[in-house]
1. Tell me which DSSP H helices of the chain clear both cut-offs, 18 Å or more of axial length from alpha-carbon atoms and a mean Kyte-Doolittle hydropathy of at least 0.0.
2. Along Cα→Cβ, 7 Å out, is where each label goes; now give me the distance between the ones at S49 and D13 in nm to one decimal.
3. Once you keep just the Cα pairs under 8 angstrom separated by 6 or more residues, what percentage relative contact order results for the chain?
4. Taking the alpha carbon gyration tensor of the chain, what are the square roots of 5 times its eigenvalues, largest first, to the nearest whole Å?
5. Using a 1.4 angstrom probe, figure out how much accessible area the chain has per residue, in square angstrom, rounded to the nearest whole.
6. Taking the Cβ of W8 as the centre, find all other residues whose Cβ is under 15 Å away and add up their charges (Lys, Arg: +1; Asp, Glu: -1).
7. At R0 = 22 Å, how high is the FRET efficiency between E37 and V60 if r is their beta carbon distance? Nearest 0.05 is fine.
8. Just in the chain: which GluC sites (Glu not before Pro) are loop by DSSP and have at most 13 other Cβ atoms within 10 Å?
Amino acid sequence: MGYGESLWDHKGDWIFGFSTWSTSGDLLWVELLPLKEGLMLAWNRGLTSLLCESDYFEVVQLFSQDMNYTLHIHAELIFQMMRFHLKIS
């Protein structure tokens, strides 16, 4: 499955983007993985105040509710992203 992300600044100007593919994972994995990679790329460039948008309801739900992710099938990936203090809409 292919995936990618694009990042824009607050004025709508393109900052960077990427695309790649994965041979494993389910649909949620393919939605979460580029989000994590995009966050890491942005963080490494000093972009720490981020607004993330997703059209995939389960991603929005994961980060907008207080829940215990320990038993979630993608817990490791979710915990890696939680360090970015996400606000996703």
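The values are calculated or read from the model by the stated rules, or taken from the named source; none is laboratory data. Since this is a predicted model, take the numbers as computed values, not measurements. No Cβ is skipped: glycine too gets one built from the backbone with ideal geometry, and neighbour counts run over all protein chains shown. These area figures cover heavy atoms from the full protein model, side chains too; ligands, DNA and RNA do not enter into them. Shrake-Rupley method; radii C 1.70, N 1.55, O 1.52, S 1.80 Å.
1. 27-44
2. The two pseudo-label positions are separated by 1.6 nm.
3. Taking the mean separation of contacting Cα pairs over the length of the chain, I get 27 percent.
4. Calculated on Cα positions only, the semi-axes equal 21, 16, 12 Å.
5. Spelled out: the 1.4 Å probe surface of the chain, per residue, equals 68 Å².
6. Once all neighbours under 15 Å are counted, the net charge is -2.
7. According to the calculation, E is roughly 0.75.
8. E53
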